[in-house]
Amino acid sequence: MIRSVIFDFDGTLVDFVESDIAVLKYVCGQANPDCAVDEFIDAAIEGIMQFHELVERKEINPLLMHHYRLSRAFVRMEMDWDDCFVDLYKSQLLKKTKAYTGVRQLLRSLPGRAKLGIITNAYNAALQRERIEASGLEQFFQEILIAGEVGIAKPDPEIFLLMSRKLNVFPEECLFIGDSIHYDIKGAHSAGMKTVLYGKSKSVSEVPDYRAEDIRELAGLLENLIVQ
């Protein structure tokens with residue numbers, strides 16, 4: 001029996017990739033209208049991947065992510081760097097954080113039928129809470145856990161178990177929905193939760209309990225799984 005539905009945030013409820021690229025284009029244009037935008041975006045994306053590796057090795061402060069990736073992209077493009085571009089990026093990211101089409105309609109159908117939660121791995125908890133609020137989705141959730149706030153990150157089963165305790169449900173009564181095999185599916189499974197791999201089909205080693213390629217499939221799945 002499913003009594004709680006828990007969501008990943010970026011890549012599941014909102015499109016971080018699309019909003020990130022839009023903001024990077026804006027920042028690049030503000031810094032230098034003649035900048036090769038595609039090269040700048042590639043440098044920023046490469047920077048964020050390098051940053052995650054440094055965080056995993058505990059070699060850098062996780063809160064420096066946007067400064068790290070943006071400043072290095074500026075250097076690579078031979079543009080003058082100023083810390084104000086970090087604030088510009090963050091302010092524009094809030095404006096660009098939008099829920100996927102159909103997400104609000106789906107969430108409106110769930111209160112009263114299931115307890116709702118979000119687990120997100122963001123380093124900067126304050127910024128992530130602002131983004132969740134900016135998305136217009138905060139109102140639907142009883143609990144929101146942010147890795148940078150609680151000091152635990154997916155796929156550690158403890159963050160999933162913490163959510164089940166906060167929602168006052170057993171892990172086996174929870175359904176976790178996310179787009180990452182490693183962080184979402186593997187992590188939720190290790191905590192004893194049922195899982196939904198959300199997004200286009202992909203070959204996986206950690207098999208989810210269910211799959212849903214789009215919001216329509218997800219809505220139909222939840223209609224069948226949630227206790228009435």
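None of the figures in this text is laboratory data; all of them are computed from the coordinates on show. Note that this is a predicted model, so its numbers are computed, not measured. As a convention, Cβ positions derive from the backbone with ideal geometry for all residues, glycine included, and neighbour counts pool all protein chains shown.
Considering only I118, I159, I48, the Gaussian network model of the chain with Cα springs below 10 Å gives its largest mean-square fluctuation to I48.
Are there trypsin sites (Lys or Arg not before Pro) in region 150-228 that DSSP puts in a loop and that have at most 16 other Cβ atoms within 10 Å, and which ones?
On the way: sites: R165, K166, K186, K194, K200, K202, R211, R216; in loops: K200, K202.
Counting only loop positions with at most 16 other Cβ atoms within 10 Å, the trypsin sites (Lys or Arg not before Pro) in region 150-228 are K200, K202.
Build a GNM of the chain with springs between Cα atoms under 10 Å apart, and of C84, C35, C174 the one that fluctuates most is C84. The sum of -39500 (n - 2.57) across all DSSP H runs of n ≥ 4, divided by the residue count of the chain, sets its helix-only mean residue ellipticity at 222 nm to -14500 deg cm²/dmol.
Using R0 = 45 Å, the C-beta based FRET efficiency linking I60 and K98 works out to 0.90. With both residues required to sit in the chain, DSSP beta bridges show an antiparallel share near 5%.
Remark: region 16-96 projects, on average over all directions, an area of 5.0 nm² (convex hull of Cα atoms). All alpha carbon pair distances within the chain were sorted into 10 Å bins beginning at 0; the resulting P(r) in whole percents reads 8, 31, 34, 19, 7, 1. In the chain, the sites counted are GluC sites (Glu not before Pro) in DSSP loop states with at most 12 other Cβ atoms within 10 Å, and the longest stretch holding none of them, exclusive of the sites, is 79-212. The magnitude of the dipole of region 16-96, with charges of +1 and -1 set on the Cβ of Lys/Arg and Asp/Glu and taken from the Cα centre, is near 320 debye.
Would you work out the charge dipole size for the chain about its Cα centre, treating the Cβ of every Lys and Arg as +1 and the Cβ of every Asp and Glu as -1, and quote it to the nearest 20 debye?
Using only the charged Cβ atoms, the result is roughly 860 debye.
In the elastic network of the chain, a GNM with C-alpha springs shorter than 10 Å, the most mobile of A36, A125, A114 is A36. Gyration tensor analysis over the Cα atoms of region 117-228 returns equivalent ellipsoid semi-axes of 21, 16, 15 Å (largest first, whole Å).
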